[in-house]
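Reading through the structure tokens given below for one structure.
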Amino acid sequence: MQARTRGVDIAWPNEPGVPGDTITVPILPVYVMLPTLAAVRLPDRTPLPLLSASITGELGNWAWSFSAPMSREGLSLIDDGTGAPTEVEITVNGHVWTFLIDGYDDMRKFGSNTCQLRGRSRSAALAEPYAATRTYTEPAARTAAQLAAAEVDGSGWTLVWDAVDWLVPGEVFSYADLAPIDAIAQLANSIGASVISDPAAREIRVAPTHAESPWAWPVAEPYAVIPAAVLTEGSSSWVGGVNANGIYVYGETSGSGALVKIAGTDGAAQLPMVVDKLAVTADAQRERGRAALAANGIKRTMQRTLPLFPPPADSDDPALGVVPLGALLEIQDTDETWRGQAMAVRIDAQRAGRAMTVRQHVTIERQYR
């Protein structure tokens, strides 16, 4: 891509790639797994009597969420009468998530006495109502990564800035009545990036929503190649969109702007102009423009269901476990092979009597360029 700011052409740097080598799921006559679901209260690791669990993560929502039916006898384990949020750990097929319990719904009825737990990633501790809000203006010039890291300073959380970074002048970064996670999201949104909570660790990451630009998907290295042999269900929904190739991005008060366009095009098919107070440098303007062009292509939402393979015993032997949000996937379907990006993942662990089934439902954005 190229951007023009103050009349100067700026070459687009190498785009961030997908992590690691491509995982290829082998085609086998039979795939054998022993589905497992376990839950404990933290930090004492008291077991919780969950009956099933549904865990969801999606780009654009910084927290994983879960819901789980539980025998009502377990309520005393997650509600000690103090009002403090309870932290729990849920493990499905060897993959671990930690959550704060937000509440529960009473599901009792004749012949059944259960409740439905609800919760979010423990990064909810950085959001309302668990974290205090504040009004703030940063007086000194600092990078976006430094500004984001300052929001979690002293909290026990780690902030990983895995996106384009740039210098924000003093008095430009300001907000009113925001919790720390919302202030971080403001910085991420200014370049079209996403805030992602680690499923288990006290870590949040800011990363491009489209790490690989959709027009480069055909030649990019996918995170995983998934054959039709492991797919069990699917659906498709038309979204639409336009394959624009240019957009103007301006800083609100910086006096600078850029025409960001896909390399090799004239940038004439444009999206509406974007104005953002934090897009004050060429790097920020370029990345915000790339993110907008990447998000607005002609596309479908594809739903695919596949197994949740357990973590491998040997870390040097990669296997397809929980599909990472934002991962580029190659789907070798029965009638065609295509590529798309994982935008959401839902893990369902359902118990029926003594039997347990675990399925991974992936929402994939497929673009037509």
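Worth pointing out:
- You will find that of ALA140, ALA148, the residue that is within 17 Å of PRO180 (Cα to Cα) and either part of a loop (DSSP other than H, G, I, E, B) or within 21 Å of the chain's Cα centre (by Cα) (or both) is ALA148 and no other.
- Restricted to region 167-198, and to residues there that are part of a loop (DSSP other than H, G, I, E, B) and crowded, with 20+ Cβ neighbours inside 10 Å, the residue that is farthest from the chain's Cα centre (by Cα) is PHE173.
- Residue ID - farthest from PRO180 (Cα to Cα), chosen from residues in region 107-135 that are among the hydroxyl-bearing types (Ser, Thr, Tyr) and exposed (fewer than 14 other Cβ atoms within 10 Å of the Cβ): SER112
- Among the residues of region 257-280, those identified as among the aliphatic types (A, V, I, L, M) and in a loop (DSSP other than H, G, I, E, B) are ILE262, ALA263, ALA268, ALA269, LEU271, MET273, LEU278, ALA279, VAL280.
- THR98 meets each of the listed conditions (1) farther than 17 Å from ARG346 by Cβ; (2) buried (at least 20 other Cβ atoms within 10 Å of the Cβ); (3) over 17 Å from the mean Cα position of the chain (by Cα) apart from (3).
- Taken together, the residues in region 256-268 that are under 15 Å from ASP283 (Cα atoms) and surrounded by fewer than 20 Cβ atoms within 10 Å (Cβ to Cβ) amount to 2.
- Count - residues of region 178-193 that are polar (S, T, N, Q) and over 20 Å from ALA282 (Cα atoms): 0
- Top-ranked residue of region 281-292 - restricted to ones that are assigned to a helix (DSSP H, G or I) and more than 19 Å from the chain's Cα centre (by Cα), ranked as farthest from LEU231 (Cα to Cα): ALA282
- Test: residue in region 279-291 that is of a type in the set (A, V, I, L, M, F, W, C), surrounded by fewer than 17 Cβ atoms within 10 Å (Cβ to Cβ), outside the structural domain of ASN61 (by TED's automatic domain parsing) and on the phi < 0 side of the Ramachandran plot: no
- Only listed residue being at pLDDT below 95 and of a type outside the set (S, T, N, Q), chosen from GLY246, GLY240: GLY240
- Annotation note: of GLU203, GLU221, the sole residue that is under 17 Å from the mean Cα position of the chain (by Cα), over 25 Å from THR281 (Cα atoms) and not assigned by TED's automatic domain parsing to the domain that holds GLY60 is GLU203.
- Boolean, TRP157 is under 29 Å from SER67 (Cα atoms) and crowded, with 19+ Cβ neighbours inside 10 Å: yes
- Listed by position, the strands (runs of 3 or more DSSP E) enclosed by region 213-252 that each have at least 1 residues that are free of Cβ contacts under 8 Å to residues at least 60 places away in the same chain are 233-240, 246-251.
- The set of residues in region 321-351 that are in a loop (DSSP other than H, G, I, E, B), at pLDDT below 95 and under 24 Å from ALA39 (Cβ atoms) contains only GLY321.
- Yes/no for GLY251 being over 20 Å from the mean Cα position of the chain (by Cα), crowded, with 19+ Cβ neighbours inside 10 Å and modelled with pLDDT under 95: yes
The values are calculated or read from the model by the stated rules, or taken from the named source; none is laboratory data. The structure presented is a predicted model; accordingly, all values stated were derived computationally and were not measured. Cβ atoms come from the backbone with ideal geometry, glycine included; neighbour counts cover every protein chain shown.
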